[in-house]
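Participant: Below is a structure I'd like to ask you about.
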Ligand code: DX5
Ligand code: ZN
């Protein structure tokens with residue numbers, strides 16, 4: 001069974017408490033929080049005050065995906081806001097190794113995200129240091145985009161690397177994940193699935209979360 005991380009980006013921000021509570025009561029494992037700065041990606045999502053509100057109600061670990069340049073400027077702040085997994089983009093980090101060590105020294109689990117064009121080899125030298133490898137299956141910035149099919153072979157490459165390096169890194173897939181492609185993603189080696197619109201645009205989000213959780 002994969003870990004399921006509903007993306008709050010697709011939730012109803014006018015009734016955020018209702019959607020957080022729904023996830024609390026569901027079979028979901030984590031909350032996926034997308035932080036965008038309008039520079040690294042062509043969109044701005046939400047920031048600290050909203051995350052603080054989410055954290056006050058969330059009863060599951062916060063899986064925080066930073067789509068921002070110079071992410072190291074905010075590590076301490078995200079730690080204070082209760083991030084369990086803090087994921088930064090390889091493309092946004094000049095000193096990726098150092099940043100990973102800082103995240104871990106602050107007591108968080110370190111994740112690295114890769115854009116669709118970035119090969120798995122970009123994390124070859126740090127795979128043993130990270131708890132999470134987030135493979136983007138759409139170009140980051142927006143929910144509701146179409147899944148990029150090339151992701152399947154990328155997951156297999158990531159799995160091979162993890163086995164070869166004897167690492168215990170979890171592979172997380174983010175973008176265009178739904179009940180239809182979940183089984184194939186898991187078969188290729190995905191350990192965690194992020195789902196935004198597939199969950200919250202459905203009239204029965206709890207059922208979708210359960211279907212994703214039971215996909216195999
Ligand atoms: C996209 C974000 C995703 C997004 C996924 O940049 O990283 O987490 O919320 O949304 P869906 O599942 O709708 O593709
Ligand atoms: Zn994300």
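Only the coordinates and a few stated rules stand behind these numbers; no lab work does. Keep in mind it's a predicted model, so treat the numbers as computed, not measured. Reconstructed Cβ throughout: ideal geometry from the backbone, glycine too, with neighbour counts over all protein chains shown.
Participant: Quick one: if you stick a label point 7 Å off each Cα along the C-beta vector at residue 106 and residue 149, how many nm between them?
Facilitator: Those two pseudo-labels are separated by 4.0 nm.
Participant: Let me ask something else. Give the relative contact order (percent, whole number) for the range 3-213; include only Cα pairs under 8 Å separated by 6+ residues. List each step's numbers first, then the result.
Facilitator: Numbers: 426 pairs, mean separation 45.1, N = 211.
It rounds to 21 percent for the range 3-213.
Participant: Moving to a separate point now. Among DSSP beta bridges whose residues both lie in the range 3-213, state the antiparallel percentage, nearest 5.
Facilitator: Details: 1 of 33 bridges.
The antiparallel proportion sits near 5 percent.
Participant: Could you calculate the FRET efficiency of residue 14 with residue 57 from 1/(1 + (r/R0)^6), where r is the beta carbon distance between them and R0 is 22 Å, rounded to 0.05?
Facilitator: On the way: r = 15 Å, r/R0 = 0.69.
FRET efficiency, residue 14 to residue 57: 0.90.
Participant: Using Cα pairs closer than 8 Å and at least 6 residues apart in sequence, work out the relative contact order for the range 18-92, in percent. Could you put the intermediate results ahead of the total?
Facilitator: Values: 107 pairs, mean separation 24.7, N = 75.
Relative contact order of the range 18-92: 33 percent.
Participant: Taking R0 as 41 Å, what FRET efficiency do you get between residue 206 and residue 97 from their Cβ-Cβ distance, rounded to the nearest 0.05? Could the numbers behind the result be given before it?
Facilitator: Working: r = 40 Å, r/R0 = 0.99.
Computed FRET efficiency for residue 206 and residue 97: 0.50.
Participant: While we're looking at this one, here's another question. Can you give the Rg and Dmax of the range 3-213 based on its C-alpha atoms, in angstrom?
Facilitator: Looking at the range 3-213, its Cα Rg and Dmax stand at 15.7, 46 Å.
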